[in-house]
1. Mind checking how much accessible area A and B bury in total, 1.4 Å probe, in Å² rounded to 100?
2. DSSP loop chymotrypsin sites (Phe, Trp or Tyr not before Pro) in the stretch A:124-187 with at most 16 other Cβ atoms within 10 Å of their Cβ, which ones?
3. Please list, in order along the stretch A:10-17, the HN-Hα scalar couplings obtained from phi with the Karplus expression 6.51 cos²θ - 1.76 cosθ + 1.60 (θ = phi - 60°), rounded to whole Hz, x for Gly and Pro.
4. With θ taken as phi - 60° and the coefficients 6.51, -1.76 and 1.60, list the Karplus ³J(HN,Hα) couplings across the stretch B:6-23 in order, rounded to whole Hz; mark glycine and proline as x.
5. What FRET efficiency would be calculated for the residue pair A:Q69, B:E766, taking the C-beta separation as r and a Förster radius of 41 Å, to the nearest 0.05?
6. How much net charge surrounds B:E719 when only other residues with a Cβ under 15 Å from its Cβ are counted (Lys, Arg +1; Asp, Glu -1)?
7. Which one, B:L745, B:N803, B:G832, projects farthest toward the positive side of the charge dipole computed for the stretch B:735-866 from Cβ point charges (K/R +1, D/E -1)?
8. For the stretch B:735-866, what does the alpha-carbon gyration tensor say about shape, rounded, prolate or oblate, given a ≥ b ≥ c as the root eigenvalues, a/c under 1.5 as rounded, and a/b over b/c as prolate?
Amino acid sequence: MNTPSHDVTHLLLDWNKGQQDALEQLMPLVYDELRHIAGRYLRKERPDHTLQTTALVHEAYIRLIDQNQANWQNRAQFFGVAAQMMRRILVDHARGHQADKRGGGAAKLSLDEAIEIADQREVDLIALDDALTNLAALDEQQSRIVELRYFGGLTVEEVAEVLKLSPATIKREWSMAKAWLHRELSK
Amino acid sequence: MTPERYRQIKQIFQAVLDIEPKERAAYLAQVCGEDVELRQEVGSLLASHEDAGEFIEIPAAAVITQPYAEPPNTNAAIGQRIGPYQIMRELGHGGMGTVYLATRADDQFKKRVAIKLVRRGMDSDFILRRFRHERQILASLDHPNIARLFDGGTTEDGLPYFVMEYIEGLAIDEYCDRQQLATAERLQLFRTVCSAVQYAHQNLVVHRDLKPSNILITADGTVKLLDFGIAKLLNPEIAGDEIDVTMTGMKLMTPGYASPEQVRGEVITTASDVYSLGVVLYELLTGHRPYQITSTAPQEIERIVCNVEPDRPSTAAQKRMKDEGRRMKRREKFSSPIPHPSSLQGDLDNIVLMAMRKEPNRRYASVSQLSEDLRRHLEGLPVLAREDTFAYRAGKFIQRHKAGVAAALLIAIALIGGMITTMWQARKAERRFNDVRKLANSFLFELHDAIEKLPGATPARALLVKRALEYLDSLAQEAAGDATLQQELAAAYDKVGHIQGNPYSANLGDIEGALQSYQKARAIRESLLAKNTQPTQVRLDLASSYRRISDILMQKNDLANALQHARKALQIIESLPAQELALVQTRREQAAAHESVGEVLKAQGENAASLEQQRRGLQLIEALVTQEPANPAIRRQQAVVLGKIGERLSATGATPEGIEMARKSLAIFSELATAQPGNAQAKRELGVAHNQLGDLYYAASDLKNELEHYRQSLAIREELAAADPANQQLRRDLAVVQGNVGYALAQTGDEAGMVEHYRKSLATFEAMSAAKPEDALLMRDLAAGYDFYGESWKHLATAPSINASQRLMRWQQARYWLERSLKFAQQMQARGLLPGQESGLLANLQQLLNECDSEIAKLKSGATKSK
């Protein structure tokens, strides 16, 4: 009988052939898989455990895609979709946390303090998500590179493979995108 | 910024990174040439690049699951020494660094000082060089109202610090509020601030960062200005000290107080301090900042600071007073005694706005001139400041909207403006009320209707409304004695209100503005009624005022108040004498009032009571129809009420009766639309009626008729939307019915058809919501769209004739869209945008999601077994 991986593989192949609605149908399926795997980590069952996004995306790929039918290009495309989905999962997760904090009556920080803490403690995922959306309007490729590296957990070499560019180009674009985003988030 | 510009910046940025740091400034100056903005952009990106460190280098997922890092140890410095100073405690910290209270260790008097320690990452060498250069000047600032700068240097780690006079006091705004200072006292205090700033300007020092937190008032009432010249020390400049242009732009200024030239990174002069003082004064007088800057995006800040005209202080104070008034009910007291709005009108409005003008050369020439004008105002003398002339504002308008609006249109507006001004003067002389009235009613509103449909006309419409209101407000003040003119005025306010935010027609989306206009109309009518002139007409108008306010309050989800207003409308009509009640117009108004009460009750979930009101309305209307069967307005009202009753009946379980009512309603709408083939509104209403009937057939599980009427509605709406593509209401109508058709198709098992219709529908909702992210109704549309799409998938997932893998896919699709809906609804709830009666929605979505999860889990374990 048809296994799920067969269907996802087919959607991926259809999309590869240029069928745009195949992508729309593919996303929920990839999302569901990633969410399940990520959920195990995000629930903080083991708080000391660090979620390795790369491993997670690879795991989803192996589970969903029939390796005999998919070629290299499909894999790259899959990773592109997965990074986008990871961004959504992680930003949603951060939003949930933000809401928890509000509900919990956390001490109100002045703006200055808040910036200071954000600088030193962790990246504000929600602000980053917004800034990245703005960046996409100016330079789609830079935004994709950040999505793949930061949300998808891919290495420079893997990003280069996905986008069919040289690692040197990825690094240059990354530097600029990082400086731009950092500036946006420091304001 | 445009993608082309970004590409240009990128090229230079990447080239600069490849060359030696020492040579970068020279290279930048060379490639950027005259383009100062470009140089600043690249400069600030380079600074950010140096500063970014490990930012986003570790993937997000890893960061999220890491336990919180150690909080920054700001207390590490306590007890330590900086130069000869012993740190006692932290006073505060911000973007530039941390400020500590310290004493000089070798000083037997233990004199207390404030030390500002610049944070790591800023260009230390530059700051120190700059400091050495400026210290003479800064140290020479010897004024009783300026905190002294004593010293500066570097710590052992190489971080720059400044030693300043330690001031214990309150920020000026807080001080004024706590001391409950009256307007005159606030102005006197502010003039002291001016004299200190003026002194510094005479010594060639510009503050650059004036804001309330830098203006302290000590316990004995002494003004002390902090941080004079510090902003300049901390702003690296690109090619040596001569060029007075800051490179980091936004980084070290406070957007709320920074002048347009500062925000744009242009040359900063004493005029910039005049501007910031204007903002501080604005805040002291109104309790509001002139701009709501919530964005951190530089383009957005620049847009607001450089283009948006602030409300007049008197208007801002009025708003504030209303807010406070509302809150007062709960808290029983004002939080701060800001001046009464009327005391700001005229001179103070003009003075503040002159200090805050966008162009430096149109502000006061100096701080002392500003201070002098305040003195003249306090002594009742004429002031220098004048309101911007209309010609000037029209010119600005043309400048700003060059691209968007046809020039001819603007000439027309300018012309009207000119005519009104002339007429206005003529009126004063000759009392030619009628001419003025004609101008207000026909020119402004006909012009509005004429331009409404032009693409890009929104700013012009907003300007028209603004001018109409200014004009009406001044007319209202002078027309107190003339009852006829007062009625005209009230009608004019109603029209302005419609344009601003009538929920039933194309509007500017300014609900608050509409509410204000409707309330002005109501107030005029109340006062007319008190004078007992033409009571019947005024009563009817007053009732419709109450209904309109009720509609707006409903939109604001203030249902209790809305109900009160609708009931008041009904009560006004019912108290009319019997012979008046028999008139057609009165009957119609009475029916409309029943309808309004019914609408609010429906929103409150009071189905039976709502239905009762609708039935009473219908009775009144049907009596009129027998009297005047050919009157289309009455027929239309009949159709509307029939449709509403049909919907109510169906919602309360009496579906067949409901459908019957709705079919009658549809028949009338169809008749009206056929009779007036060119009338888009009649056609639109027919589309609504079909869609509604589709809803009722859905409730009756009559899939064939459901799909049939949705499709009829779809055809009408496609035609209407194609004929008027800029019309947002028609666009939304179409998206709604596309979703409905999609939903019905899912019930027939047509997956491809469903996907096709929902794709179009959701794409429209997403685009509309993205264009107006604050619009609660559009957010609701989107959340509902995702929800129904998810439920459609869920329905398909339960189809009997599919294999396990198809079933799993469909459940996953359902889960995905339902979750998007839930996330959206949660965001709305967090922002208080989810009305009370929809609180069950979240639980319902969660339940659907759980169902999906368990089905997916079942199917997955099944798939594993069968592998």
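1. 6100 Å²
2. Within the stretch A:124-187, no chymotrypsin sites (Phe, Trp or Tyr not before Pro) qualify (loop, at most 16 other Cβ atoms within 10 Å).
3. 5, 4, 4, 5, 4, 4, 4, 7
4. Whole-Hz 3J(HN,Hα) from phi for the stretch B:6-23: 4, 4, 4, 4, 4, 4, 5, 4, 5, 5, 5, 4, 7, 10, 4, x, 4, 8.
5. After rounding, the FRET efficiency stands at 0.80.
6. With Lys, Arg at +1 and Asp, Glu at -1, the neighbours total +1.
7. Sorting the options by dipole projection puts first B:N803.
8. oblate
The values are calculated or read from the model by the stated rules, or taken from the named source; none is laboratory data. The shown structure was predicted, so the numbers you read here are calculated from the model rather than taken from an experiment. So basically every Cβ, Gly included, is an ideal-geometry build from the backbone, and we count neighbours across all protein chains shown. The protein model used for the area step is the full one, side chains on, heavy atoms only, and it has no ligands, DNA or RNA in it. Shrake-Rupley method; radii C 1.70, N 1.55, O 1.52, S 1.80 Å.
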